[in-house]
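Below is one structure; the comments refer to it alone.
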Amino acid sequence: MNTIKQLENWFYSHCDNDWEHDHKITIYNLDNPGWGVKIDLKGTLLEEMTFCPIEHGDSEDRKATWIKCTKQETIFTGLGSYDMLDTILSIFLNW
């Protein structure tokens, strides 16, 4: 199954006519260039789970492949170079 389909399924599994109104998944572009992903975990099993931060590469080098994934409170945040969106989503889904 591809990453987008897995994310769709994860999202849908939490939709209960309430959760989806207040908790968002946001995918956006960065200006260095790169990708950002924020996923609100409140009300999910992941809300209480520990996430070990992942960080590789140099985000200041426009030509470098880099990634940084963290969890703060109930928000998963993934940031990465232009070629790392699928990897960010895979890290989240495999967690």
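Would you work out which of N32, N9, L79 lies farthest towards the positive end of the dipole of the chain, given +1 charges on the beta-carbon of Lys and Arg and -1 on that of Asp and Glu, about the Cα centre?
Highest projection toward the positive end goes to N32.
Can you give the longest run of the chain that contains no GluC sites (Glu not before Pro) sitting in a DSSP loop with at most 12 other Cβ atoms inside 10 Å?
Working: sites that count: E60, E73.
In the chain, the maximal stretch lacking such sites is 1-59.
With the crude spin-label approximation of a point 7 Å out along Cα→Cβ, what separation in nm comes out for E55 versus C15?
Going from the E55 label point to the C15 one covers 3.6 nm.
Amide H to amide H, which residues 5 or more places from W66 or on other chains are under 5 Å from it, using H placed in the peptide plane?
Answer set, sorted by chain and number: S81.
On full extension of the chain, what length is gained from N2 through K24, given 0.36 nm per residue of separation minus the C-alpha to C-alpha distance?
Numbers: separation 22, 0.36 × 22 = 7.92 nm, distance 2.08 nm.
Gain on stretching N2 to K24: 5.8 nm.
Which aspartates and glutamates have a Cα less than 19 Å from the Cα of K71, not counting those fewer than 8 places away in the same chain?
D22, D40, E47, E48, E55, D86
What value, in deg cm²/dmol to 500, does the helix sum -39500 (n - 2.57) over DSSP H runs of n ≥ 4 give at 222 nm once divided by the residues of the chain? Mind showing how you got there, number by number?
Details: 3 runs with 26 residues, N = 95.
Calculated mean residue ellipticity at 222 nm is -7500 deg cm²/dmol.
Please sort by residue number the trypsin sites (Lys or Arg not before Pro) in the range 55-95 whose DSSP state is loop and whose Cβ has at most 12 other Cβ atoms within 10 Å. Working shown, then result.
Numbers: sites: R62, K63, K68, K71; in loops: R62, K63.
Those satisfying the criteria are R62, K63.
Hey, of (i) 47, 28, 21; (ii) 59, 26, 18; (iii) 43, 25, 23, which did the structure itself give for Cα extents along the principal axes in Å when calculated?
From the options (i) 47, 28, 21; (ii) 59, 26, 18; (iii) 43, 25, 23, the structure gives (iii).
Every number here is computed from the coordinates shown, using simple stated rules; none is lab data. In this text, all values refer to a predicted model and were calculated from it rather than measured experimentally. Because the Cβ atoms are built from the backbone with ideal geometry, glycine has one as well, and the counts that use them run over all protein chains shown.
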